[in-house]
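Read the structure below first, then the notes.
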Amino acid sequence: MKSSAPGKIILFGEHAVVYSRPALAAPIRQARVEAEVLDSDSPGLWLDAPLINFHGELSALPADHPISRVFSDLFQRLSLSAPPDLRVSIKSDLPVAAGLGSGAAVSVALLRALSEFLHQPLPVEQVNQMTFEIEKLYHGSPSGIDNAVIAYDMPVYFIKGKPIETFACAKPFTLVVADTGVPAPTKESVGGVRRLWLRDTNRFEALFDEIAQISTMARHFIETGRPEALGELMNQNHEFLQEMTVSSAELDALVATARKAGALGAKLSGGGRGGNMIALTNQAQAQSVAQALTSAGAVRTLITEIC
Ligand code: MEV
């Protein structure tokens, strides 16, 4: 039994979304996690997970590791008295700690493959909810946007605690995603923003309000077929993220390179302080923007069509 889950990019509103402002995110279908579950000839539960450099019996992984928790939460949910004998492999083209949702994609792909293999497939809301619980181990206090976009595998307009809304795209648009190669756990950047917010609440609340307006306008431009107008909004969103201290020299350099190479706008995407940035381009320019980003030090780029 095989199941897969996409990576994700945050288009607008990262961090502000933790403070109940709206954000937009979309799945990236070219970069996925795949989980495969097979019967095992030897007793026990065997895991092959190159992304965490783990090959062996699941019990050798700490019980509070997010991947162990996927198994234990699922077995509990399915009321299994003893873990079955299984061989599970996880393959991923998503870099870890790069803001592309690799942790949530692992949880979603595993929950689906395991529950289907055990003949008790979980509904998407339950996959989403269970992934959210596991995201807390990776991220501390996540908003829930990563698990939502990945579990539902569709673009989302997300407000914490509210029913998940998708958005319609009147016209597809092209993004170049580029990785700084600097690993940046979301937990740390979210924790950093929380400390600054506690110290200077009014200023940060005002920044989050500005970003909320950007997300709302962006949704409007996407739905009314004016994606080129997103470029300027990306630039503004990036500036607010800089003010929130979640950009970095590497991210700023790639953002500047993309703009110089003809992108309509660019910003960091996800937790920041490393990880990935995104640039809006027209289709014809995507390759040359990607090349410019590689020359400027991006360790990997991908071109993706949204919607
Ligand atoms: C991470 O992809 C997005 C953040 O806003 C964290 C979250 O929403 O949980 C930085």
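Listing for the model above:
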{"quantity": "Number of the exception - ARG29 against (1) at pLDDT below 95; (2) over 23 Å from GLU305 (Cβ atoms)", "calculated": "(2)"}
{"quantity": "Check on GLY103, within 13 Å of the ligand (Cβ to nearest atom), open to solvent by less than 20 Å² (accessible area, probe 1.4 Å), of a type outside the set (A, V, I, L, M) and in a helix (DSSP H, G or I)", "calculated": "yes"}
{"quantity": "Counted residues, region 23-41 - those being under 18 Å from GLY99 (Cα atoms), buried (at least 21 other Cβ atoms within 10 Å of the Cβ) and away from the ligand (no atom under 11 Å from the Cβ)", "calculated": "6"}
{"quantity": "Only one of ALA263, ALA292, ALA284, ALA279 that is outside the structural domain of VAL18 (by TED's automatic domain parsing), over 23 Å from ILE222 (Cα atoms) and either more than 16 Å from the ligand (Cβ to nearest atom) or under 21 Å from the mean Cα position of the chain (by Cα) (or both)", "calculated": "ALA292"}
{"quantity": "Options ILE134, ILE150, ILE145: the member that is of a type in the set (A, V, I, L, M), open to solvent by less than 10 Å² (accessible area, probe 1.4 Å), more than 12 Å from the ligand (Cβ to nearest atom) and in contact (Cβ under 8 Å) with a residue 60 or more places away in the chain", "calculated": "ILE134"}
{"quantity": "Leading residue by the ranking (farthest from ALA290 (Cα to Cα)) among those in region 230-276 that are of a type in the set (Gly, Ala, Ser) and free of Cβ contacts under 8 Å to residues at least 12 places away in the same chain", "calculated": "ALA249"}
{"quantity": "Which listed residue is crowded, with 23+ Cβ neighbours inside 10 Å and in contact (Cβ under 8 Å) with a residue 40 or more places away in the chain, from LEU122, LEU111", "calculated": "LEU111"}
{"quantity": "ALA82 loosely packed, with under 13 Cβ neighbours inside 10 Å and of a type in the set (Gly, Ala, Ser)", "calculated": "yes"}
{"quantity": "Unique match (being in the same structural domain as MET154 (by TED's automatic domain parsing), under 22 Å from ILE145 (Cβ atoms), of a type outside the set (Phe, Trp, Tyr) and not in a helix (DSSP H, G or I)) among LEU38, LEU24", "calculated": "LEU24"}
{"quantity": "Candidate set from region 169-207 (those that are among the polar types (S, T, N, Q) and over 16 Å from ARG21 (Cβ atoms)); member that is most open to solvent (accessible area, probe 1.4 Å)", "calculated": "THR186"}
{"quantity": "Which numbered condition VAL156 misses (of (1) within 22 Å of PHE208 (Cβ to Cβ); (2) surrounded by fewer than 20 Cβ atoms within 10 Å (Cβ to Cβ))", "calculated": "(2)"}
{"quantity": "Condition broken by HIS15, with the remaining ones in (1) farther than 17 Å from GLU116 by Cβ; (2) in contact with a strand residue (DSSP E or B) (Cβ under 7 Å, 6 or more places away or on another chain); (3) within 16 Å of the ligand (Cβ to nearest atom) satisfied", "calculated": "(2)"}
{"quantity": "Near pairs, Cβ below 8 angstrom, 6+ apart or cross-chain, from region 44-61 (within 12 Å of LEU86 (Cα to Cα)) to any residue that is of a type in the set (Ser, Thr, Tyr)", "calculated": "GLY44/SER59; LEU45/SER59; TRP46/SER40; LEU47/SER89; ASP48/SER89; LEU58/SER68"}
{"quantity": "Complete set of residues in region 239-269 that are open to solvent by less than 10 Å² (accessible area, probe 1.4 Å) and out of contact with any Ser or Thr (no Cβ under 7 Å at 6 or more places or on another chain)", "calculated": "MET244, VAL255, ALA258, GLY265, ALA266, LYS267, SER269"}
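The values are calculated or read from the model by the stated rules, or taken from the named source; none is laboratory data. Note that this is a predicted model, so its numbers are computed, not measured. A quick note on method: Cβ atoms are made from the backbone with ideal geometry, for glycine too, and the neighbour counts reach across all protein chains shown. Ligands, DNA and RNA are stripped out before the accessible areas are found, and what is left, the full protein with its side chains, is counted by its heavy atoms. Shrake-Rupley method; radii C 1.70, N 1.55, O 1.52, S 1.80 Å.
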